[in-house]
1. Got at least one residue in region 95-107 being β-branched (Val, Ile, Thr) and either farther than 27 Å from Ala174 by Cα or in a helix (DSSP H, G or I) (or both)?
2. Filter region 105-126 down to residues that are surrounded by fewer than 17 Cβ atoms within 10 Å (Cβ to Cβ), closer than 14 Å to Ile71 by Cβ and either outside the structural domain of Leu90 (by TED's automatic domain parsing) or touching a strand residue (DSSP E or B) at 6+ places or on another chain (Cβ under 9 Å) (or both), then give me how many there are.
3. Within the set of pairs 6+ apart or on separate chains, which have a first residue in region 68-93 that is farther than 29 Å from Leu125 by Cβ, a second that is not acidic (Asp, Glu), and C-beta atoms under 7 Å apart?
Amino acid sequence: MEITTQKIKELREQCGAGIMECRSALAVSEGDVEKALAVLKEKGLTKAAKRAERVTMQGLIETYIHTAGRIGHEVPVWDIRDKFGDTNLLVVNTEQGRDLAGTLAGNKVVLMSGHGFAAAGQSLLETIWIAVYLPTNARVYLEALRLGEVRFLSAGEIEHTIIRNPQAPELWRAWEYWTRRAGCADMLETPPWARKE
């Protein structure tokens with residue numbers, strides 16, 4: 001069957017893939033748009049699965065966007081079941097807390113399998129920054145996987161984005177923005193180091 005530009009356009013509108021990927025999928029599916037869509041979805045899922053397998057096997061997630069660079073070089077994964085068996089997935093005693101802290105070690109974030117994540121920063125401001133941008137990084141990363149191979153921040157780029165000063169102006173600007181959005185900015189007093197003289 002002939003692969004027309006109309007079919008390529010129709011397929012692209014449905015899935016957002018590139019022209020050559022659509023042409024290739026249509027060739028494999030002998031011009032059937034529905035089958036080509038299935039081919040592209042499987043191809044995308046296969047790419048994502050390969051990436052997810054690599055991430056899970058290494059026990060870390062890599063930083064993809066600039067604002068998430070502050071999460072550091074790696075995000076280890078902690079699974080409460082590994083040591084404590086079936087639980088409600090909450091850290092409810094000192095032994096579990098110590099085990100979680102041991103996995104966090106010198107990192108800023110640890111993913112908690114089946115539960116979420118725990119973050120630690122030099123200050124409350126930095127910890128909130130991490131808590132806001134870690135999920136954003138994950139969402140952008142998953143969307144980028146659909147487009148093909150992704151390029152993570154290099155170790156040098158991460159080093160440049162890590163905030164060494166807990167009173168960094170960019171932290172305070174973000175904090176002001178978040179408190180305004182939450183409707184509680186009037187409850188906060190600007191610390192002396194952040195006041196504009």
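The values are calculated or read from the model by the stated rules, or taken from the named source; none is laboratory data. The model shown is predicted, which means the values in this text are computed figures rather than measured ones. Cβ placement follows ideal geometry from the backbone for every residue including glycine, while neighbour counts extend to all protein chains displayed.
1. Within region 95-107, the subset β-branched (Val, Ile, Thr) is 103.
Right, trim to either farther than 27 Å from Ala174 by Cα or in a helix (DSSP H, G or I) (or both) and you get 103.
Yes, that holds for at least one residue.
2. Looking only at that region, the number is 1.
3. Asp79/Ser113; Phe84/Gln96; Thr87/Ile80
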